[in-house]
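Participant: Sharing a structure below in C-alpha cells format, with a few things to ask.
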Amino acid sequence: MGQEGGASGRGRCVGRLAQAPREEGPSSGGQFGHPGTVAAGMADSAETRKLVYLVTGGCGFLGEHVVRMLLQREPRLYELRVFDLHLGPWLEELKTGPVQVTAIQGDVTQAHEVAAAVAGAHVVIHTAGLVDVFGRASPETIYEVNVQGTKNVIEACVQTGTRFLVYTSSMEVVGPNIKGHPFYRGNEDTPYEAIHRHPYPCSKAQAERLVLEANGRKVHGGLSLVTCALRPTGIYGEGHQIMRDFYHQGLRLGGRLFRAIPASVEHSRVYVGNVAWMHVLVAQELEQRAALMGGQVYFCYDESPYKSYEDFNMEFLGPCGLRLVDTRLLVPYWLLMLLATLNALLQWLLRPLLLYAPLLNPYTLAVANTTFTVSTNKAQRHFGYKPLFSWEDSRTRTIRWVQAVEGSAP
Ligand SMILES: NC(=O)c1ccc[n+]([C@@H]2O[C@H](COP(=O)([O-])OP(=O)(O)OC[C@H]3O[C@@H](n4cnc5c(N)ncnc54)[C@H](O)[C@@H]3O)[C@@H](O)[C@H]2O)c1
Ligand SMILES: CC(C)[C@@H](O)CC[C@@H](C)[C@H]1CC[C@H]2[C@@H]3[C@H](O)C=C4C[C@@H](O)CC[C@]4(C)[C@H]3CC[C@]12C
C-alpha cells in the first residue's frame with residue numbers, strides 16, 4: 001500500500017503495515033563493550049580525531065543532548081557542525097575544547113544551505129524537525145520542514161559524498177493510528193495498521209520512508225549511502241518544554257494537575273540522554289555493521305516505566321510540589337472530547353488575531369488516551385545498545401532540572 005496524503009499531509013496518510021524490513025544477517029552477539037566504550041580499538045588521542053559530524057536541529061531539546069553526547073563519547077571527532085534555525089547561546093561554551101564546534105544558522109528547507117553544511121561531513125545526524133501537534137504551524141509548513149527538509153539532507157549526502165545518515169523518526173510513524181488501536185508491548189516487527197491523518201505523524205512517516213529508501217544509493221565518489229532511522233517514544237528530560245508547560249499549569253492551578261486519562265492507559269517514555277546515546281552509538285557502529293543496520297528502524301527505549309502520560313509526568317512534578325487530582329468522575333471522556341473540540345474551534349476562529357494552541361485538542365487527547373508501549377531489544381541485538389542512564393538516574397536528573405529551572409529546588 002503506497003504512501004497517500006497530499007503534499008501538505010492533508011487527508012489520510014496511509015502507510016504500509018508498520019513493520020521494519022525483516023532482519024537480515026545474524027543478530028550480533030554480545031561482544032560489545034560497556035555502553036559508552038568508545039569505538040573498539042580507538043585510542044582517545046589527537047591523531048584519531050579525524051571525523052566531521054553534522055547535527056541538524058542541534059539546538060533543540062534532543063539535538064543539544066546529542067551534541068553534548070558526541071563531545072563526550074566520540075573520540076574520533078575533529079569537527080562538530082551544529083546546524084539549526086535558531087542557534088543557542090550555550091554553543092559558545094563548547095568552543096573551548098579540542099573539538100572544533102561550528103555553529104551554522106540555517107534552514108533545512110533551503111537545499112543550498114543544507115548542502116553547504118553537509119559537504120565534507122562523514123556522518124549526519126538529522127534531528128531537525130517541526131514537532132507540532134498543537135496546531136501552531138500549518139500542515140504545509142510541517143511538510144516543508146519535516147519531509148522536504150529531510151529530502152534536502154538526503155540529496156546533500158548523495159551530492160557531497162557523505163555516507164552515513166542517522167534520522168530521528170518517531171513512534172508516531174507507527175501510532176497510535178486514527179482508529180485508536182492500542183500498541184501494547186510492540187516491537188519493530190509488530191504488525192500494526194499505521195494510518196494517520198494529522199500532519200505531524202504523516203510527515204514523520206514520509207520522511208522516515210525517504211531515509212530508509214535512500215539506503216544503498218550511490219553517493220558522490222561511488223560508495224553507498226547507509227541510513228538508519230530511530231523511533232523515540234515520548235522523550236523526557238532536561239529541556240522538555242511540555243514538562244515545563246505542565247509544571248506551570250499546575251502552579252497556576254494551586255499546585256494541582258487534573259487527571260484526564262485513566263491510569264490504565266500506558267505509554268512508553270524514554271530519557272533524552274538515552275536517546276542521544278543511541279544516536280551516537282548508531283553513528284559509531286553504522287560503518288562496520290552497514291549490512292545489518294543499513295535501512296533499519298530502531299525504537300528508542302530504556303528502563304523508564306510504562307505509565308499513563310500524566311502519571312509518568314508526576315514522577316517528576318510530584319517531587320516539585322504538584323499533586324494529581326483524579327477528576328475522571330467529574331470530567332467524563334465525552335466532556336473532554338467536547339472541550340478538546342472547542343479548543344480546536346477556538347484556535348481556528350482566533351487564528352487571524354492570535355495563536356491559541358492549548359495542550360488539549362482532539363489529536364493530543366486521542367494520543368494520550370491510547371496505550372502505546374514498546375518492548376524490544378533490537379538495538380541491543382544489532383549494535384549493542386544498552387541505556388547509559390538508569391531509570392533512577394534519569395528521574396533524578398529530570399527532577400533536578402525542573403527544580404532548577406523553576407527555582408523550586410528545596
Ligand atoms: N520530543 C519528543 O518526545 C520526540 C519523540 C520522538 C521523536 N522526536 C523527534 O526528535 C526530533 C527533535 O525533536 P525535539 O523534541 O528535540 O524538538 P525541538 O523543537 O526541541 O527541536 C527541533 C530543532 O529543530 C530546529 N528546526 C526546526 N525547523 C528547522 C528548520 N527549518 N531548519 C533547521 N532547523 C530547524 C529547531 O530550531 C529546534 O532546535 C524531531 O525530529 C522530532 O520529530 C521527538
Ligand atoms: C490534556 C491532557 C489530555 C494531557 O494528558 C495531554 C497530554 C498530551 C499533550 C501528550 C500525550 C502524548 C504526548 C505525545 C507522545 O508522547 C509522543 C509524541 C511523539 C513525538 O514525536 C512528538 C511529541 C508527541 C506527539 C507527544 C506530544 C504531547 C502528547 C500528545
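The values are calculated or read from the model by the stated rules, or taken from the named source; none is laboratory data. Bear in mind that the values here come from a model prediction, so they are computed numbers and not experimental data. No Cβ is skipped: glycine too gets one built from the backbone with ideal geometry, and neighbour counts run over all protein chains shown.
Participant: Does segment 168-177 contain any residue that is in contact with a His (Cβ under 8 Å, 6 or more places away or on another chain), modelled with pLDDT under 95 and surrounded by fewer than 21 Cβ atoms within 10 Å (Cβ to Cβ)?
Facilitator: No, because not a single residue in segment 168-177 is in contact with a His (Cβ under 8 Å, 6 or more places away or on another chain), modelled with pLDDT under 95 and surrounded by fewer than 21 Cβ atoms within 10 Å (Cβ to Cβ).
Participant: Further question: Do you know which residues across segment 95-140 are buried (at least 16 other Cβ atoms within 10 Å of the Cβ) and closer than 30 Å to residue 342 by Cα?
Facilitator: If the condition is that a residue be buried (at least 16 other Cβ atoms within 10 Å of the Cβ) and closer than 30 Å to residue 342 by Cα, then 129, 130, 131, 132, 133, 134, 135, 137, 139 are the ones that fit.
Participant: Condition test on residue 188, is it more than 12 Å from ligand 1 (Cβ to nearest atom), touching a Leu at 6+ places or on another chain (Cβ under 9 Å) and acidic (Asp, Glu)? Break it down into steps so the answer makes sense when it comes.
Facilitator: On the way: more than 12 Å from ligand 1 (Cβ to nearest atom): yes; touching a Leu at 6+ places or on another chain (Cβ under 9 Å): no; acidic (Asp, Glu): yes.
No; evaluated as a whole, the condition is false for this residue.
Participant: Separate question: Just to be sure, is residue 296 touching a Cys at 6+ places or on another chain (Cβ under 8 Å) and closer than 30 Å to residue 189 by Cβ? Lay out the reasoning, then the answer.
Facilitator: On the way: touching a Cys at 6+ places or on another chain (Cβ under 8 Å): yes; closer than 30 Å to residue 189 by Cβ: yes.
It is true that residue 296 is touching a Cys at 6+ places or on another chain (Cβ under 8 Å) and closer than 30 Å to residue 189 by Cβ.
Participant: For segment 367-410, which residues satisfy the criterion of being surrounded by 17 or more Cβ atoms within 10 Å (Cβ to Cβ) and under 30 Å from residue 346 (Cβ atoms)?
Facilitator: Residues satisfying the conditions are 367, 368, 369, 370, 371, 372, 402.
Participant: Could you tell me whether residue 156 is among the hydrophobic types (A, V, I, L, M, F, W, C), more than 17 Å from the chain's Cα centre (by Cα) and either crowded, with 23+ Cβ neighbours inside 10 Å or within 14 Å of residue 13 (Cα to Cα) (or both)?
Facilitator: Working: among the hydrophobic types (A, V, I, L, M, F, W, C): yes; more than 17 Å from the chain's Cα centre (by Cα): yes; either crowded, with 23+ Cβ neighbours inside 10 Å or within 14 Å of residue 13 (Cα to Cα) (or both): yes.
Judged against the criteria, residue 156 is a match.
Participant: Filter the strands (runs of 3 or more DSSP E) completely within segment 268-344 down to those with at least 1 residues that are charged (D, E, K, R) and closer than 26 Å to residue 386 by Cβ.
Facilitator: Numbers: elements: 269-271, 296-300, 323-326.
Filter on segment 268-344 gives 269-271.
Participant: Determine, yes or no, whether residue 130 is more than 13 Å from ligand 1 (Cβ to nearest atom), outside any helix (DSSP H, G or I) and of a type in the set (A, V, I, L, M, F, W, C).
Facilitator: Numbers: more than 13 Å from ligand 1 (Cβ to nearest atom): no; outside any helix (DSSP H, G or I): yes; of a type in the set (A, V, I, L, M, F, W, C): yes.
It is false that residue 130 is more than 13 Å from ligand 1 (Cβ to nearest atom), outside any helix (DSSP H, G or I) and of a type in the set (A, V, I, L, M, F, W, C).
Participant: Need pairs with beta-carbon distance below 7 Å; first residue within 14 Å of ligand 2 (Cβ to nearest atom) and within segment 253-277, second assigned to a strand (DSSP E or B) and polar (S, T, N, Q); sequence gap 6+ or separate chains.
Facilitator: Short answer, once both residue conditions are applied: 266/373; 267/373; 268/373.
Participant: For the condition in contact with a Cys (Cβ under 9 Å, 6 or more places away or on another chain), over 24 Å from residue 84 (Cα atoms) and either of a type in the set (S, T, N, Q) or assigned to a loop (DSSP other than H, G, I, E, B) (or both), what is the one hit in 177, 215?
Facilitator: Working: 177 fails: in contact with a Cys (Cβ under 9 Å, 6 or more places away or on another chain).
None of the other options fit; the residue is 215.
Participant: Which one is nearest to the chain's Cα centre (by Cα) among residues in segment 225-252 that are of a type in the set (Lys, Arg) and more than 12 Å from ligand 2 (Cβ to nearest atom)?
Facilitator: Among those residues, the one meeting the criterion is 244.
Participant: So, residue 66, is that one among the hydrophobic types (A, V, I, L, M, F, W, C), farther than 21 Å from residue 225 by Cα and within 16 Å of ligand 2 (Cβ to nearest atom) or not?
Facilitator: On the way: among the hydrophobic types (A, V, I, L, M, F, W, C): yes; farther than 21 Å from residue 225 by Cα: yes; within 16 Å of ligand 2 (Cβ to nearest atom): yes.
Against the criterion (among the hydrophobic types (A, V, I, L, M, F, W, C), farther than 21 Å from residue 225 by Cα and within 16 Å of ligand 2 (Cβ to nearest atom)), residue 66 qualifies.
Participant: Name the single residue that is nearest to the chain's Cα centre (by Cα) among those in segment 187-224 being surrounded by fewer than 17 Cβ atoms within 10 Å (Cβ to Cβ) and of a type in the set (Gly, Ala, Ser). Full working, then the answer.
Facilitator: Just the residues of segment 187-224 that are surrounded by fewer than 17 Cβ atoms within 10 Å (Cβ to Cβ), to begin with: 187, 189, 191, 193, 197, 213, 216-218, 220-224.
This time we only want the ones that are of a type in the set (Gly, Ala, Ser), so: 216, 221-222, 224.
On the way: 216: 24, 221: 31, 222: 31, 224: 25 Å.
The selected residue is 216.
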